[in-house]
Amino acid sequence: MNKKKQLDILIPVFNENEIIVETLKNILSTVKCDFRVLICYDYEKDSTLEIIKNSFNNNEKIVFIKNFSTGFNNALVTGFKNSTADAVLFYMADDHINHETINSCYKKFMEGYQIVCPSRFIKGGKMIGNPFFKALLTRLASFFLFYFTSFPIKDATNSFRLFSRELIDKVKVESNKGFTLSLELTAKAHRLNYKIVEIPTTWVERGKGKSRFRLISFILPYTKWLLYIIKTSIFYRNAK
C-alpha cells in the first residue's frame, strides 16, 4: 500500500515553455516534506509537457493531470480530484521566488492551520510590476474585505494558498472560471471558522509569457464571493 503524500502542489500550465523548468527545479531542491507536484494541463500537445519530460526524466514526484475541461480554475478543480495528500497548495508556473515559502506554508499547516495564505500586503510582503488597474483593484478589494468585514486576511485575491484536506472534502466547489477558486475556498473556510493564517510573500509580474489576467474576468466572478464574505460578516459572526 502506497504511503499517503503529505502535500500536493498543484501547478496549472498552458504553453509555459522554459518558464516551468526553473520553477520545478526550485521546488524539487527546496521542499522538505513528502510531496508531489501535479502538473495540470488542458491538452496533450501543450509544449510544456515535453519540456518537463525532457528536463526531469520521469521524476516520480512530478505527475501529469489532464484537465477535465479548460482554463485555470478547472485545472485546479481537476487537481483537487486527483489529490490524495493531507494538504494541497496552489502554485504558479512562473513563480521563481516563493519556493521557500512552500516550506513555511506546510509548517503552519502542521501547527494546526487549515488555510495558509501567503500575503503581499502584510509586513515583509511585496507586489512588484503589476499593471496599474490590476494592482488597484487587488488592493481595493483586499482593503475593503479586511477593514469592513470580518474576513481575517489582508490579501484576499492571491491564488497562492494552502488548503487542508479536511476543507477540500467538506465544501462543494462552485467556481468554474477565472481565478476565484482560492478566494471561494478561503471565504467558505472563514464561514466555517477554520483556522486561517497569513505569511509574507512577494509576487513579481511575469517577465516571460503572456498573462491570462483579464479585467472583466477579475471583477464579475469575484463579486459573488465579496458578497458571500459580507453576508458571513453580518449573519455568521458569532457562529461556532
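Here's the list of aspartates and glutamates a cross-link from LYS81 could span, going by alpha-carbon distance under 12 Å and ignoring same-chain residues fewer than 8 apart: ASP8, ASP169. Each helix, a run of at least 4 DSSP H residues, gives -39500 (n - 2.57); summed and divided by the residues of the chain, these come to -13000 deg cm²/dmol at 222 nm. In plain terms, the residue of TYR236, TYR91 with the fewest other Cβ atoms within 10 Å comes first and the most crowded comes last, giving TYR236, TYR91.
FRET efficiency for the PHE68 to LEU220 pair, using the beta carbon distance and R₀ = 22 Å, is estimated at 0.45. Principal axis extents of the C-alpha atoms in the stretch 7-235 (largest first, rounded to whole Å): 52, 37, 35. Each Cα pair under 8 Å and six or more residues apart adds its separation to the average, and for the stretch 7-235 the resulting relative contact order is 23 percent.
Shape of the stretch 88-198 from the C-alpha gyration tensor: rounded (a/c under 1.5, with a ≥ b ≥ c the square roots of its eigenvalues). Under 5 Å between amide hydrogens, built in the peptide plane, is the criterion, and for SER119 it picks out ILE199, THR201 among residues at least 5 positions away or on other chains. By the gyration tensor of its Cα atoms, with a ≥ b ≥ c the square roots of the eigenvalues, what is the shape of the stretch 1-142: rounded for a/c under 1.5, prolate for a/b over b/c, or oblate? Since a/c reaches 1.5 but b/c is at least a/b, the shape of the stretch 1-142 is classed as oblate. Here the label points at ILE122 and VAL204, each 7 Å from Cα along the C-beta direction, are separated by 2.3 nm in the simple model. Taking a ≥ b ≥ c as the square roots of the Cα gyration tensor eigenvalues, the stretch 12-89 comes out oblate, since a/c reaches at least 1.5 and a/b does not exceed b/c. Taking amide H as placed 1.01 Å from N in the peptide plane, ASP95 has no amide H partner under 5 Å among residues 5 or more places away or on another chain.
Values quoted throughout were computed directly from the atomic coordinates according to the rules given, and no laboratory measurement underlies them. Given the structure is predicted, the values throughout are model-derived calculations rather than measurements. Here Cβ is always computed from backbone atoms with ideal geometry, including for glycine, and neighbour counts include all displayed protein chains.
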